[in-house]
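Data block below; observations after.
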Amino acid sequence: MNRIRKPILDVLCGQIPEHIPVWLMRQAGRFLPEYREIRAKSKNFLNMCLTPDLATEITLQPVRRFDMDAAILFSDILIVPMALGLSLDFREGEGPVLQTVSDQASISVLEYNSEKAAPVFETVRRVKQSLSGMPTTLIGFCGAPWTVACYMIDGNSKNDFAAARAWAANEPGKLDTLIEKLIDASETYLAAQIEAGAEALQIFDSWAGSLKGEDFAHFIIAPTRKLVSRLKKKYPEIPIIGFPREAGDGYRPYIEQTGVDALSIDPSVALDYAKRELQTVKPLQGNLDPELLVRGGEGMKRAAACILDALGPRHIFNLGHGVVPQTPVENVSALVEQVRNFRI
């Protein structure tokens, strides 16, 4: 029996896909009217993430509407600290509010409880079953240790993670202890997603750009390399995409040193640099500006065409960050159609 070709897996495995694959970060979410219908009836965002019926439906909505090449699990990067024992809340107009850690004692009591994340794995199983026979890749994910640590130290993003950056500068040993906990927990969390049916993974380091130089190497590259290495030993066939957002000059050492199979890049990365310095190392994903998707029209089409022409078939078309809530659905349809019509 022949394997159904999946364009995203083709790219991630170094093969030429039948067409340039496309999916969008945060494609399952607030810009879709069908999502807003579910959200209006739900208790809160966290409840949706931890209710497999709802999370499965939300994960599949953009696949049904746009025929995306990937379904990315509808969940949140803060499930891991919640499973480590911290209280988590999502407040209207405020976003996530996470119980914080402050010292070695509060870090030492953290213990990962897989049962708290069990609904996430059930969602993966249900989505996998729904995608049976389709060329759609199921992507699981987690937050990178540094980014998740930022929330665990600061509680939210209101102060640009000033406390987390202070730990990196002044108390690196304490931060190392927390990051080691997160590497262990993230490995267990991602392994469970793979066992449930995830075919690829993405590691979101949303706040990678807040560290530079030696701190970037120590708190971003090294933990990611350790996490990727452990997963590859157990699941060598599962490709991993890394996304160190706004890493700037750090993108090249990240792609060379972490062991990821592909690199997702933000809109600030120049295409000529991406092609010359990054795509020669590993396949790329990205990097249309989400604001161009909001505006649509000829500006969006020109920018998308430049990305497609520059990066070609060793590339998964995506945004440079997530879809924003005010994005018109018709613009997403137009973008997907443009990518689909691109001839390799």
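The values are calculated or read from the model by the stated rules, or taken from the named source; none is laboratory data. Since the structure is predicted, the reported quantities are computational estimates derived from the model, not experimental observations. Cβ sites come from the backbone with ideal geometry, for glycine too, and all protein chains shown count toward neighbours.
Of note:
- Residue tally, condition surrounded by fewer than 18 Cβ atoms within 10 Å (Cβ to Cβ), more than 19 Å from residue 77 (Cβ to Cβ) and touching a residue at least 24 places away in the same chain (Cβ under 8 Å), over the stretch 19-40: 3
- Taking residues in the stretch 44-59 that are buried (at least 20 other Cβ atoms within 10 Å of the Cβ), and partners anywhere that are of a type in the set (D, E, K, R) and assigned to a loop (DSSP other than H, G, I, E, B), the pairs with Cβ atoms closer than 6 Å and at least 6 places apart or on different chains are 49/76.
- None of 76, 69 is within 19 Å of the chain's Cα centre (by Cα) and either closer than 30 Å to residue 162 by Cα or among the basic types (Lys, Arg) (or both) except 76.
- Test: residue 198 is in a loop (DSSP other than H, G, I, E, B) and modelled with pLDDT of 95 or more: yes
- Qualifying residues in the stretch 156-171 (those that are within 23 Å of the chain's Cα centre (by Cα) and more than 17 Å from residue 208 (Cβ to Cβ)) - the one surrounded by the most Cβ atoms within 10 Å (Cβ to Cβ): 156
- Single unsatisfied condition, residue 141 versus (1) assigned to a helix (DSSP H, G or I); (2) under 26 Å from residue 66 (Cβ atoms); (3) among the aromatic types (Phe, Trp, Tyr): (1)
- The stretch 203-219 - residue that is more than 15 Å from the chain's Cα centre (by Cα) and buried (at least 18 other Cβ atoms within 10 Å of the Cβ) and, of those, nearest to residue 149 (Cα to Cα): 219
- Index of the failed condition, residue 17 passing every other in (1) more than 21 Å from the chain's Cα centre (by Cα); (2) modelled with pLDDT under 95: (2)
- Condition met for residue 92 (at negative phi, modelled with pLDDT of 95 or more and out of contact with any Leu (no Cβ under 7 Å at 6 or more places or on another chain)): no
- Any hit, the stretch 208-219, residues being out of contact with any Pro (no Cβ under 6 Å at 6 or more places or on another chain), in a strand (DSSP E or B) and within 28 Å of residue 310 (Cα to Cα): no
- The sole residue among 87, 108 that is under 19 Å from residue 49 (Cα atoms), at pLDDT 95 or above and of a type in the set (S, T, N, Q) is 87.
- Only residues that are over 17 Å from residue 246 (Cα atoms) and out of contact with any Gly (no Cβ under 7 Å at 6 or more places or on another chain) were counted in the stretch 284-298, giving 6.
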